[in-house]
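Asker: Can you keep this structure in mind? I'll have questions shortly.
The values are calculated or read from the model by the stated rules, or taken from the named source; none is laboratory data. For clarity, every value in this text was computed on a predicted model and none was experimentally measured. Cβ atoms come from the backbone with ideal geometry, glycine included; neighbour counts cover every protein chain shown. Surface accessibility is based on the protein's heavy atoms, side chains included, excluding ligands, DNA and RNA. Shrake-Rupley method; radii C 1.70, N 1.55, O 1.52, S 1.80 Å.
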Amino acid sequence: MARALYIHWPFCIAKCPYCDFNSHVRESADMAAWKAALIADMRHEYAEAGSQGSLASIFFGGGTPSLMPPTLVAALLAEAERLWGFDPAIEITLEANPSSVEAASFADLAAAGVNRVSLGVQSLRDDALKFLGRLHGVDEALGAVELAQRHFGRVSIDLIYARPGQTEAQWRTELGEALALGTDHMSLYQLTIEPATRFATDVRRGIFEPLDDDNAADLFALTRQMTAAGGLPAYEISNHARPGQESRHNLTYWRYHDYSGIGPGAHGRRRDIATVRHRKPENFLSAVKAQDHGIGEARRLDRGEQASEALLMGLRLAEGLDLAALAHRFDGTPSALVDEAKMALYRDLGLVWMDQERIGVTPQGMPLLDALLGEVVRTDLVTS
């Protein structure tokens, strides 16, 4: 079985006001120490997980991985290949900010082995970028996209919409401009106010009001319509791609396959073991020094927990999931995994679909995904 590897780089130049990811601002970082720690963490993960086939995907996430020296990226990739081996069609993705400084390293990152880049463009409007706390401007972003398309075989861009006061006409124009850039993948996220972020504080203090749910739903529907017409249909609630250009790495998560996660705060799934690395960079380094790995928690998941996770992830996908196969995988029955009466109710309302043994959420149901999952996924999962 092919495997996936996630590598977390925790550092950013600044913390964005909407971000609740494990990112940290530091004046400097000892690259030699980080290279040694990440390689030690990787070796431990390989020893625990076993080979289980070559790596089919590697994803450098963060934080801001484009701040990593290309030589460090190359060293980590060389070690991963030495340990697991690479599938001939391996996908190696690196998240990048579209600043001119970071874009200058694209050629070296490509030479190191990165073949797919995910650019955090976030908006094609300078005022929106300022509101979102981004340090780049639109012109820089457009230049970075063009440069990325020259150096990498596959390019994805991230945009944040449903911003305060954003109208349907405004988003139609901006999304049209984004589609015209010709990338093969787009991650389009509605702005959400996450706890413990600066935006959460701003909303509580009345500095701005989030876009209301009805208008956000209209923008979601428009997004689906325009991306489908532009040849990048939605394959996951927030992700759109030309056929064959879906993120293979993220599909590993959504299809609930095993993956290894190394670096501060990284999560992993190793058969029935869920692993979490220490979040704070300094604590991660200390843990690796003390125990040759950065794991802060390794917990065995019972079959009910695994089945619940698989349902919550798989129902994000347009393809849905094979309920019978999932029940067989976890020694259960379909009726033990989902509330069949509620599934039938929401099917009749056009919010979910059932096709023989496959189930999924319709485009009309996707804006209500969290609520639907709470209704149809059994909270008392019984799998034996």
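Asker: Stokes-Einstein at 25 °C, 0.890 mPa s, Kirkwood radius from Cα pairs: D for region 135-285 in µm² s⁻¹?
Answerer: It diffuses with D of about 137 µm²/s by this estimate.
Asker: Can you tell me the accessible area per residue over the chain, all protein chains present, probe 1.4 angstrom, in square angstrom? Let's see the in-between values first.
Answerer: On the way: 16990 Å² over 384 residues.
Roughly 44 Å² per residue, with all protein chains present.
Asker: Collect residues whose amide H, placed 1.01 Å from N in the peptide plane, falls under 5 Å from the amide H of D292; neighbours closer than 5 in sequence don't count.
Answerer: none
Asker: If you don't mind, another one. May I ask you to give the percent of accessible area on region 1-159 that is carbon plus sulfur, with a probe radius of 1.4 Å? Mind dumping the intermediate values first?
Answerer: Working: 3360 of 6140 Å².
Of all accessible area on region 1-159, carbon and sulfur atoms account for 55 percent.
Asker: Top mean-square fluctuation among T71, T223, T173, Gaussian network model of the chain, C-alpha springs under 10 Å?
Answerer: Top of the fluctuation ranking is T173.
Asker: Could you tell me the center-to-center distance, by alpha carbons, between region 1-66 and region 221-293 in angstrom?
Answerer: One Cα centre to the other: 11 Å.
Asker: Hey, got the Cα dimensions of the chain along the principal axes, in Å, largest first?
Answerer: Computed over the chain, the largest-to-smallest principal extents equal 58, 51, 44 Å.
Asker: For region 11-139, what percent of Cα pairs sit more than 22 Å apart?
Answerer: Details: 3478 of 8256 pairs.
I get 42 percent for the Cα pairs in region 11-139 exceeding 22 Å.
Asker: Determine the principal axes of the Cα atoms in region 83-134, then give the extent along each, sorted from largest to smallest and rounded to whole angstroms.
Answerer: Here the Cα extents, ordered largest to smallest, are 45, 18, 17 Å.
Asker: Another question, if that's okay. Can you list residues whose amide H is under 5 Å from F86's amide H, if they're 5+ apart or on another chain and H is modeled 1.01 Å from N?
Answerer: L55
Asker: According to a simple spin-label model (label point 7 Å from Cα along Cα-to-Cβ), what is the distance in nm between E375 and M354?
Answerer: About 1.4 nm separates the two model spin labels.
Asker: Can you pull the percent of region 173-309's accessible area that's carbon plus sulfur, 1.4 Å probe, other chains left in place? The partial results should precede the final answer.
Answerer: On the way: 3030 of 6430 Å².
Answer for region 173-309 is 47 percent, counting heavy atoms of protein chains only.
Asker: While we're on this one: To the nearest µm²/s, what D does Stokes-Einstein give for region 259-384 at 25 °C and 0.890 mPa s, using the Kirkwood radius over alpha carbon pairs as Rh?
Answerer: Details: Rh = 16.1 Å.
It comes out at roughly 152 µm²/s.
Asker: Follow-up question, since we're still on this one. Give the long-range amide H neighbours of I92: residues separated by 5 or more places, or on another chain, with amide H under 5 Å away, using H modelled in the peptide plane at 1.01 Å from N.
Answerer: Amide H to amide H, under 5 Å and 5 or more residues apart or across chains, I92 pairs with I58, N115, R116.
Asker: Let me ask something additional. Once ligands and nucleic acids are excluded and a 1.4 Å probe is used, how much of I13 is accessible, expressed in Å² to the nearest 10?
Answerer: Accessible area, nearest 10 Å²: 110 Å².
Asker: Within region 1-74, which GluC sites (Glu not before Pro) sit in a loop by DSSP and count at most 16 neighbouring Cβ atoms inside 10 Å? Could the numbers behind the result be given before it?
Answerer: Details: sites: E27, E45, E48; in loops: E27.
Those satisfying the criteria are E27.
Asker: While we're looking at this one, here's another question. Let me have the 222 nm mean residue ellipticity of the chain computed from DSSP H runs of 4+ only, each contributing -39500 (n - 2.57), with the sum over all residues rounded to the nearest 500. Display every interim value, and only then the final one.
Answerer: On the way: 16 runs with 159 residues, N = 384.
Helix contribution divided over all residues of the chain: -12000 deg cm²/dmol.
Asker: If you don't mind, there's one more thing I want to ask. Could you give the distance between the Cα centres of region 85-109 and region 334-380, to the whole Å?
Answerer: 38 Å
Asker: Mind ranking R82, R378 by accessible surface for me, highest first, 1.4 Å probe? Working shown, then result.
Answerer: Working: R82 150, R378 65 Å².
Sorted by accessible area, descending: R82, R378.
Asker: Can I ask one more? How large is ³J(HN,Hα) for each residue in region 27-36, as worked out from phi by the Karplus curve 6.51 cos²θ - 1.76 cosθ + 1.60 (θ = phi - 60°), to whole Hz, x for Gly and Pro?
Answerer: Coupling constants for region 27-36: 5, 7, 9, 7, 5, 5, 5, 5, 4, 4 Hz.
Asker: Another one. For the chain, what is the percent of antiparallel DSSP beta bridges, rounded to the nearest 5? Walk me through the intermediate numbers first.
Answerer: Numbers: 23 of 55 bridges.
Within the chain, antiparallel bridges account for around 40 percent of the total.
Asker: For q = 0.14, 0.21, 0.22 Å⁻¹, what log10 I(q)/I(0) does region 181-221 give under the Debye formula with an equal point scatterer on each alpha carbon and no solvent?
Answerer: With one equal scatterer per Cα and no solvent, log10 I(q)/I(0) is -0.46, -0.78, -0.81.
Asker: Something else now. Counting pairs of Cα atoms in region 80-213, how many percent are more than 27 Å apart? Numbers along the way, then the final one.
Answerer: Working: 2677 of 8911 pairs.
Percentage above 27 Å: 30.
Asker: Binning at 10 Å from 0, report for region 135-186 what percent of all alpha-carbon pair distances ends up in each bin.
Answerer: In order of increasing distance, the bins hold 21, 52, 24, 4 percent.
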